[in-house]
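Asks: Have a look at the structure that comes next, please.
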Amino acid sequence: MTQYPKVAVVILNWNGKYFLEKFLPSIYNSTYPNVEFIIGDNASTDDSIAFVKEIYPHIRIVQNEDNFGFAGGYNKILEQVDAPYYVLLNSDVEVSPSWIEPVIEMMIREDYVAAQPKIRSFHKKDSFEHAGAGGGYMDTYGYPFCRGRILHSVELDTGQYDDEQEVFWATGAALFIKSDAWREVQGFDADFFAHMEEIDLCWRLKKLGYRIGYCPNSLVYHVGGGTLDTSNPKKTYLNFRNSLVMLQKNLAFWMAVWAIFARLWLDLAALLHFLLKGKPKDAWAVSRAHQYFFLNFFRNAAKRKKNTAAYNKMGLYKKCIIWDYYMNKMQRFSDLPTNNFYLKNK
């Protein structure tokens, strides 16, 4: 690559001194020649910002006056960042020195407006990581999954997904995106607060005909659950709530009606499963998610945009991944029939 457009690597922080101490050294040693590092702070109450100012005085700090969550926090921070490419990077990610170059080169070559690197687990270095793995996909009912991760089954990385691919969504843990595209769709939906907001963002981009890519030549390691543990009922609430809202916003009307009807019953099954597992707080979180959905139904309906003729469905799975996972025992991405995916940009 002979030209290096400016890249702004923006790390959103909230009381994350531990992760900043641990992972900023690898990030700061990135070899990309035209990069700006920015810490966006969501009104932290620890001494993480004092730490950055002392140890990394050349890193720019942009501070929010309150904790606006992952979605709202990034929206406000990126209003103050000027670069043709943003990288939204979680604070709990370890990178290699040359992790930026191959993604930017691929985005320019393939005309992707957003992309992600390969995501492996920090704690199990030979395994994909839940949040992103080898690129994100979506089924008919709005259930996200990845190359390398379907539901709770995470694959070891043996090189099986070492090819560049157009995908449906890119992980928010290390999201590369053109700033023009970010502004065109007005960034994240701040109401999501956290979880699923990057999928909703990518879905809106795909509806405009844009392409999103996965770059295996860039590898990062993600801790995961750094802000909210996977067993936290608040995370359960946000995931169930945001998933329903995302379907309402992005699916065609009658498909949304059908998919949401089906999801409500599937969610009820999940609620009962939580109760049987002795997790009443998670069961209540599912109920609260449904209450929010109906109480805010018309507010979120106003956010709907019509599907355009350019709608790019690459990466959508035509079947129900829940059914194929449990009933058909398809628990690896390679088990899924190719003809069950949309393989053309239409």
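Asks: Could you check, for segment 86-93, whether at least one of its residues is farther than 23 Å from H222 by Cα, out of contact with any helix residue (DSSP H, G or I) (no Cβ under 7 Å at 6 or more places or on another chain) and surrounded by 18 or more Cβ atoms within 10 Å (Cβ to Cβ)?
Replies: No: segment 86-93 contains no residue that is farther than 23 Å from H222 by Cα, out of contact with any helix residue (DSSP H, G or I) (no Cβ under 7 Å at 6 or more places or on another chain) and surrounded by 18 or more Cβ atoms within 10 Å (Cβ to Cβ).
Asks: If you go through segment 174-204 one residue at a time, how many are out of contact with any Pro (no Cβ under 7 Å at 6 or more places or on another chain), aliphatic (A, V, I, L, M) and buried (at least 24 other Cβ atoms within 10 Å of the Cβ)?
Replies: The number of residues fulfilling the criteria is 4.
Asks: Something else now. Check whether at least one residue in segment 256-270 is closer than 22 Å to V185 by Cβ, modelled with pLDDT under 95, aromatic (F, W, Y) and part of a helix (DSSP H, G or I), and report yes or no.
Replies: No, the conditions are met nowhere in segment 256-270.
Asks: Report yes if Y342 is hydroxyl-bearing (S, T, Y), surrounded by 13 or more Cβ atoms within 10 Å (Cβ to Cβ), within 18 Å of Y137 (Cα to Cα) and touching a residue at least 60 places away in the same chain (Cβ under 8 Å), otherwise no.
Replies: So Y342 does not fit the description; no.
Table: residues versus (1) of a type in the set (A, V, I, L, M, F, W, C); (2) closer than 23 Å to Q331 by Cα; (3) in the same structural domain as N239 (by TED's automatic domain parsing); (4) in contact with a Phe, Trp or Tyr (Cβ under 7 Å, 6 or more places away or on another chain).
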| site | (1), (2), (3), (4) |
| --- | --- |
| E164 | no, yes, no, yes |
| K178 | no, no, no, yes |
| M196 | yes, yes, no, no |
| L201 | yes, no, no, yes |
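Asks: Give the residue, chosen from D66, D82, D126, D47, that is among the acidic types (D, E) and under 14 Å from V7 (Cα atoms).
Replies: Going through D66, D82, D126, D47 in turn, the sole match is D82.
Asks: Cβ-Cβ distance below 7 Å, separation of 6 or more or different chains: which pairs start in segment 20-33 with a residue that is assigned by TED's automatic domain parsing to the domain that holds H123 and end on one that is part of a helix (DSSP H, G or I)?
Replies: These pairs meet every condition: L20/S48; L20/F51; L20/V52; E21/F51; Y32/E101.
Asks: Which residue is farthest from P233 (Cα to Cα), if the candidates are limited to segment 257-297 and must be among the aromatic types (F, W, Y) and under 23 Å from the mean Cα position of the chain (by Cα)?
Replies: F293
Asks: Out of the residues in segment 309-343 that are under 23 Å from the mean Cα position of the chain (by Cα) and of a type in the set (V, I, T), which is modelled with the highest pLDDT?
Replies: The selected residue is I321.
Asks: May I pose another question? For segment 194-206, which residues satisfy the criterion of being under 15 Å from K303 (Cβ atoms) and either free of Cβ contacts under 8 Å to residues at least 12 places away in the same chain or assigned to a loop (DSSP other than H, G, I, E, B) (or both)?
Replies: M196
Asks: Would you be able to say whether some residue in segment 106-117 is under 13 Å from the mean Cα position of the chain (by Cα) and more than 18 Å from W182 (Cα to Cα)?
Replies: Yes.
Asks: Same structure, new question: Within the bounds of segment 73-83, is there any residue that is surrounded by fewer than 24 Cβ atoms within 10 Å (Cβ to Cβ) and within 30 Å of D163 (Cβ to Cβ)?
Replies: yes
Asks: Continuing with the same structure: Right, K234: of a type outside the set (S, T, N, Q), closer than 30 Å to N15 by Cβ and in contact (Cβ under 8 Å) with a residue 24 or more places away in the chain or not?
Replies: So K234 passes the test.
Asks: Looking at segment 171-188, I want the residues that are more than 26 Å from E94 (Cα to Cα) and have a partner that is surrounded by fewer than 18 Cβ atoms within 10 Å (Cβ to Cβ) and of a type outside the set (G, A, S) with Cβ atoms under 8 Å, at least 6 apart or on another chain. Which pairs are those?
Replies: D180/P84; E184/L208; V185/L208
Asks: Taking segment 9-44 only, how many residues are assigned to a helix (DSSP H, G or I) and hydrophobic (A, V, I, L, M, F, W, C)?
Replies: 5
Asks: Going by the structure shown, is Y221 over 18 Å from L151 (Cβ atoms), buried (at least 18 other Cβ atoms within 10 Å of the Cβ), hydroxyl-bearing (S, T, Y) and touching a Ser or Thr at 6+ places or on another chain (Cβ under 8 Å)?
Replies: So Y221 fits the description; yes.
Asks: Please go through segment 324-334 and give me each residue that is in a helix (DSSP H, G or I) and exposed (fewer than 13 other Cβ atoms within 10 Å of the Cβ), ordered by number.
Replies: Y326, S334 - these are the residues of segment 324-334 that are in a helix (DSSP H, G or I) and exposed (fewer than 13 other Cβ atoms within 10 Å of the Cβ).
Asks: With a cut-off of at least 1 residues that are touching a His at 6+ places or on another chain (Cβ under 6 Å), name the strands (runs of 3 or more DSSP E) lying wholly within segment 74-193.
Replies: 93-95, 114-121
Asks: A further question follows. All but one of (1) out of contact with any Asp or Glu (no Cβ under 6 Å at 6 or more places or on another chain); (2) farther than 24 Å from Y292 by Cα hold for Y221, so report the exception by its number.
Replies: So the condition that Y221 fails would be (1).
The values are calculated or read from the model by the stated rules, or taken from the named source; none is laboratory data. What you are looking at is a predicted structure, and each value in this text was computed from that prediction instead of being measured. Neighbour counts are summed over all protein chains in view; Cβ atoms, including those assigned to glycine, are modelled from backbone coordinates with ideal geometry.
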